[in-house]
Amino acid sequence: MDELRIINFLDAFIANALSIIIPLLLVAKGVDVVQIGLVVSMSPVVFVVSRSIFAAMSDQVGVRKFFILNGAMNVVSVLIYLFASNPFLFSIGKMFEGVRNGAMWSVNRTAVFMRRSGRKAVDEMSRIQGIRMGAAAMGIIVAGVLLNNYPFDAALVFFVILGVILFSVSFLVEGGGRSKMRIKEIFEQLDFRRKNEVLKRTSLVMIPQSVATAIPLSLIFPLFLRDIGYDYWLIGVAIALYYTISAITTFLYMKMGWGKGAMWVGALAFLAGGILLPLLGGAWALPLMAVMGIGDGMATPLWEALVFNSAGRSRDMSSDIALLHTPPNLSNAVCLIAAGVIVKLWGYWVVFFSCGALFVLSFYLSFGLLRESRYF
C-alpha cells in the first residue's frame with residue numbers, strides 16, 4: 001500500500017501545480033479567458049474516453065501497466081507545455097494530461113479495493129484522497145515559489161524531473177492479470193445499458209459536486225486571484241490553503257467519526273465562501289477559500305461512499321468505476337468552457353455562486369441515494 005500512497009502523492013503534487021501554472025502561463029502569453037477555458041476543457045474530455053478504455057483493459061490485464069503509463073504521460077505532458085507556443089499546442093498537452101489522468105484513475109481505486117474490503121476500502125481511499133489534497137497544497141506552494149523566482153520554463157523543468165521519479169516508482173506496483181485481452185469483453189464491460197440502476201443514478205448524482213469543485217480548481221481560482229492583484233506566490237498560498245484545509249478536514253472527519261450533520265455544515269460553508277469570495281476579494285480571499293476547503297474536505301468521504309456503494313462489489317470493478325465517473329467528467333468539460341464565457345460576459349460572481357449552489361445540491365442528492373441503498 002505504501003507505493004500507492006507515494007504514487008498518489010507525486011501524481012497530485014505535479015497535477016495540481018500544473019493546474020495553476022498553465023492558466024497563468026496562458027495569461028502571460030496574452031490568451032483570453034474564453035480560450036483558456038477551451039484549452040483546459042480538453043483534459044476532462046480525453047480523461048473520460050481514456051479512463052473508460054483503460055479501466056476495461058485493466059480488468060483483464062491488471063493494474064500495474066496503467067500506473068506505469070500514468071508516470072510516462074506525466075513526463076510527456078509537461079514536456080509539451082515546456083515547448084508549447086500557442087493555445088493549440090497547449091491543448092495537445094492537456095490531451096496528454098487527460099491520458100495521464102485516465103490511466104491513474106482507471107486503476108487507482110481498484111488497486112485499493114483489491115487490498116481492502118468493506119468500509120476499510122472506503123477509509124483507505126479517503127486517506128489517499130487526503131494525501132492527494134496535502135500533496136496538491138505542497139505542489140501549488142512550490143509552483144508559486146518557482147514562478148515568483150524563476151521563469152516558467154525553469155518551473156516546468158522541475159516538474160519534468162518529478163515526473164521521471166514518479167515513472168520510476170510506478171514499476172513497484174503489483175497487480176497483473178491475463179496476458180491476453182478480449183476486445184469483445186471490453187465492449188461488454190463498457191456498455192452502460194448493462195449496468196445496474198444504482199450505478200446509473202449515482203453517476204448523475206455525482207455531476208453537481210464534480211462541476212462545483214472542478215471549475216474553481218481547474219480554471220477560476222488562479223484567474224480570479226490574478227485579476228484582484230495577487231502575485232504568483234500569493235496565488236499559490238491561497239490555493240494551497242484550500243487543499244490543506246480540505247485534507248485536514250477529511251482526516252478529522254474520519255478520526256472523529258462525525259456524522260451527516262458535520263457534512264451539511266461543510267456544504268453550507270462552501271456555499272457561503274462561494275458567495276462572499278467575489279464580493280469581498282482582497283485580503284478576504286485567503287480565509288474564504290479556506291472555508292470552501294472545509295466543504296470540499298467533508299465531501300471526500302461522501303464521494304468515496306457513493307463510489308463504493310455502486311461499484312465496490314462489482315466483478316468488473318475498474319470498468320464500473322470509470323463509467324460511474326463519465327457523466328461528471330463530460331459535464332466538467334462543458335462547464336469549463338461555459339465558465340470562461342460567463343466570466344467574460346457577467347463576471348466571476350455568477351460562476352462562484354453557481355458552484356456553491358451545485359455543491360449544496362450534490363449533498364442533498366447524495367444523502368438521498370445512500371439512504372435508499374441503506375448505506376447510512
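Extension gain for Asn149-Trp284 works out to 46.1 nm (0.36 nm per residue, less the C-alpha to C-alpha distance).
Distance between the C-alpha centers of segment 260-310 and segment 328-344? Whole Å please. When both Cα centres are located, 20 Å separates them. The alpha-carbon atoms of segment 1-104 define a convex hull whose volume equals 82 cubic angstrom per residue.
Separation between the Val49 and Met114 pseudo-spin-labels, each 7 Å from Cα along Cα→Cβ, expressed in nm? My value for the distance between the label points is 2.7 nm. Percent of Cα pairs in the chain per distance bin of 10 Å, from zero to the largest separation: 5, 25, 36, 25, 7, 0. Put simply, when 358-371, 39-52 are sorted by average Cβ atoms within 10 angstrom per residue, most first, you get 39-52, 358-371. Dipole orientation for the chain: of the candidates Gly259, Asn101, Gly340, Gly259 has the Cα lying most toward the positive pole (charges on Cβ; Lys, Arg +1; Asp, Glu -1). In plain terms, the chain from Val334 to Ala28 could stretch by 107.7 nm, reckoned as 0.36 nm per residue minus the Cα-Cα distance. Entry note, the chain: the mean residue ellipticity at 222 nm calculated from DSSP H runs of n ≥ 4, each adding -39500 (n - 2.57), is -29000 deg cm²/dmol after division by the residues and rounding to the nearest 500. Ranking Leu241, Ser126, Val291 by how far each Cα lies toward the positive end of the dipole of the chain (charges on Cβ) leaves Ser126 at the top. A straight Cα-to-Cα reach below 18 Å connects Lys260 with the aspartates and glutamates Asp123, Asp296, Glu304, Glu372, residues fewer than 8 places away in its own chain not being considered. With the charge dipole of the chain set up from +1 on Lys and Arg Cβ and -1 on Asp and Glu Cβ about the Cα centre, the Cα lying farthest toward the positive end among the listed residues Ile14, Leu166, Leu219 is that of Leu166.
Neighbour counts of other Cβ atoms within 10 Å put Trp105, Trp284, Trp349, Trp303 in the fewest-to-most order Trp284, Trp349, Trp303, Trp105.
Exceeding 28 Å between C-alpha atoms, which entries from my cross-link table qualify? They are Lys65/Lys255; Lys94/Lys120; Lys29/Lys94; Lys29/Lys65. Correct reply: Lys65/Lys255; Lys94/Lys120; Lys29/Lys65. Each label was represented as a point 7 Å from its Cα along the Cα-to-Cβ direction; for Val265 and Phe88 these points are 5.4 nm apart. This model, with +1 at the C-beta of Lys and Arg and -1 at the C-beta of Asp and Glu, gives the chain a dipole about its Cα centre of some 1060 debye.
With Cα atoms as the point set, the radius of gyration and Dmax of segment 207-254 evaluate to 12.4, 37 Å.
Dipole magnitude for segment 208-361: about 160 debye, using +1 per Lys or Arg Cβ and -1 per Asp or Glu Cβ, origin at the Cα centre. Diagonalising the gyration tensor over the Cα atoms of segment 222-295 and scaling each eigenvalue by 5 before taking the square root yields semi-axes of 25, 14, 6 Å, largest first. In terms of other Cβ atoms within 10 Å, Glu124, Glu197 run from fewest to most in the order Glu197, Glu124.
Sparsely packed loop sites in segment 261-360 (the trypsin sites (Lys or Arg not before Pro) outside DSSP H, G, I, E and B with at most 15 other Cβ atoms within 10 Å) comprise Arg313, Arg315. Counting neighbouring Cβ atoms within 10 Å and putting the fewest first, the residues Lys94, Lys120, Lys65 line up as Lys120, Lys65, Lys94. Using Cβ point charges alone (K and R +1, D and E -1), the dipole size of segment 1-160 about the Cα centre works out to roughly 480 debye. Taking a quarter of the surface of the Cα convex hull of segment 65-107 gives a mean projected area of 2.5 nm². Counted over segment 194-333 with a bin width of 5 Å, the fraction of Cα pairs per bin, in whole percents, is 2, 10, 18, 19, 17, 15, 10, 6, 3, 1, 0. Fraction of C-alpha pairs exceeding 18 angstrom in segment 318-376: 54 percent, rounded to a whole number. Legend: helices of the chain (whole DSSP H runs) are marked when their alpha-carbon atoms reach 18 angstrom or more along the helix axis and their mean Kyte-Doolittle hydropathy is at least 0.0; marked are 2-28, 33-61, 64-83, 87-115, 118-149, 152-170, 232-256, 260-280, 285-311, 317-346, 348-372. Relative intensity of segment 271-376 on a log10 scale, I(q)/I(0) at q = 0.21 Å⁻¹, equals -1.17, per a Debye sum over C-alpha point scatterers of equal strength in the absence of solvent.
Coordinate-derived values only; no laboratory data. Note that this is a predicted model, so its numbers are computed, not measured. Because the Cβ atoms are built from the backbone with ideal geometry, glycine has one as well, and the counts that use them run over all protein chains shown.
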